[in-house]
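Before any comments, here is the structure.
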Amino acid sequence: MTRRAAALDAHVAEMRRIERDLHDGAQNRLVSVVMMLGIAERSLETNSDEALPQLRRAQEAATDALNGLRTTVHDIYPPILTERGLEGALRAVADRSVVPCSLEVIGLHRVPAAVESAAYFVVAEAVTNLNKHSGASRASVAVDYDIAGSVERLRIAVDDDGAGGATERAGGGIAGIRRRVEAFAGTLRLTSPVGGPTRMRVELPCGS
Amino acid sequence: MRVVIADDDALLREGLALLLRNEGFDVVAAVDNAEGFLTLLDDADAAVLDVRMSPTFTYEGLQAAVEARRRRPGFPVVVLSAYLEEQCAAVLLDEGAAGVGYLLKERVGKVAQFTDALRRVADGGTVMDPEVIGRMLSARRGDDPIQSLTPREREVLGLMAEGLDNASIAERLFVSETAVSKHIGNIFTKLGLSTSDSGHRRVLAVLAYLRS
């Protein structure tokens, strides 16, 4: 595959992911809002006691829609990438990690914005996860860019010396990482035996 | 009326079930996938489906609706979608237009209108979203007789295609029923349609014209 074709593929995959995020998130939640307001409206005409819980549910659904929208918009291209570039943004993630976290970045070329954004998401999500669950005393993030044959790729490694036993649950952090990575036809490998350590390896093909 | 719901979004599925139960419908099942839905046809008088469900999140609901009507010809289906496409309307109507509804998802919020639409579809009627009709109208060529319709006549045409009768159209537009009849007479004359058609047949005549 040519560089350009690969870049376009990544772009299309990213557009599709965003479209699904918006559809499954904000759009469906707003339909819920409209529906619950409709139910409340009918209750007010007949049995007004039932209207209040419906209005509260409508408000919750509207709040969910806003949260979903905020996340989707932010994840499209986090503002910190514009300000500091990928390396600077990753540095910020490592610096704010409570578990001491080292960062090594090797040969980071210009990669498509969608790949940068995905790489940032993967690292930020993985570091958040390990802070929450691993009980680790040390963590490391390594990102390098290499060319294997005609394939250019970004490789990401996130390791910690914590308790291990990390599993992939629907809707969980790791599932989110997998979804983002697979949108680019990338790969995610996670080894996390009980007792640790936990190692995550991600490869993101990039076009240019 | 026994209704089965198929939507893969849990909140929407439960909300829709609550809405329909509150309105006196017997919701026999609410499922999140097409296969499950197809096993329930014998238990239901009508179905409400989301176009998009797992695994590909494209047209599973639409395909399930078509398949349901292949297995049980005329089985009433209301297909809901976040985004309306003329091709989807065409696919649904090609299997026979009786007992078919195709609506934007958020129309469920207008509870009285939505349940009215569901009942009309269950009775063998056809209900198309005004958006679809609007799109069919705007896609017409410049030399089309549709262009000779007044804005008011276009509005009436859209409401007819939604499956409304004269009284309901009059109510929506805040005009008298006599005025509606007059508009409809003009529309049918301009488009060269038979004015003898009424009710469901009238919807079909309008849709057939719009799709020609």
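The values are calculated or read from the model by the stated rules, or taken from the named source; none is laboratory data. Treat the numbers as computed from the prediction; the structure is a model and nothing was measured. Note that each Cβ is placed from the backbone with ideal geometry, even for glycine, and that neighbours are counted across all protein chains shown.
General remarks:
Here's the yes/no breakdown for (1) in a helix (DSSP H, G or I); (2) under 30 Å from A:Glu50 (Cα atoms):
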residue: B:Leu20; (1), (2): yes, yes
residue: B:Val27; (1), (2): no, yes
residue: B:Arg52; (1), (2): no, no
residue: B:Leu62; (1), (2): yes, no
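- Of all residues in the stretch B:26-44, one or more are within 14 Å of chain A (Cβ to nearest Cβ) and farther than 24 Å from A:Arg20 by Cβ.
- Conditions (1) at pLDDT 85 or above; (2) more than 30 Å from B:Met53 (Cβ to Cβ); (3) surrounded by 14 or more Cβ atoms within 10 Å (Cβ to Cβ); (4) not basic (Lys, Arg); number of the one not met by A:Ala6: (1)
- Residue in the stretch B:3-25 that is over 21 Å from B:Leu104 (Cβ atoms) and more than 14 Å from chain A (Cβ to nearest Cβ) present: no
- Filter pass, A:Leu81 being more than 10 Å from every other protein chain (Cβ to nearest Cβ), in contact (Cβ under 8 Å) with a residue 12 or more places away in the chain, touching a Gly at 6+ places or on another chain (Cβ under 9 Å) and not in a helix (DSSP H, G or I): no
- Scanning the stretch B:143-183 for residues that are closer than 23 Å to B:Ala89 by Cα and among the charged types (D, E, K, R), we see that the one that is farthest from the chain's Cα centre (by Cα) is B:Asp144.
- Filter pass, A:Ala92 being more than 24 Å from B:Asp8 (Cα to Cα), surrounded by 14 or more Cβ atoms within 10 Å (Cβ to Cβ) and either among the charged types (D, E, K, R) or under 25 Å from the mean Cα position of the chain (by Cα) (or both): yes
- Only one of the numbered conditions (1) surrounded by 17 or more Cβ atoms within 10 Å (Cβ to Cβ); (2) within 23 Å of B:Gly109 (Cβ to Cβ); (3) of a type in the set (Gly, Ala, Ser) is not met by B:Ala64, and that is (2).
- Of residues in the stretch A:170-208 being in a loop (DSSP other than H, G, I, E, B) and touching a helix residue (DSSP H, G or I) at 6+ places or on another chain (Cβ under 6 Å), the one farthest from A:Glu152 (Cα to Cα): A:Ala183
- Condition broken by A:Ser140, with the remaining ones in (1) touching a Ser or Thr at 6+ places or on another chain (Cβ under 8 Å); (2) free of Cβ contacts under 8 Å to residues at least 12 places away in the same chain satisfied: (2)
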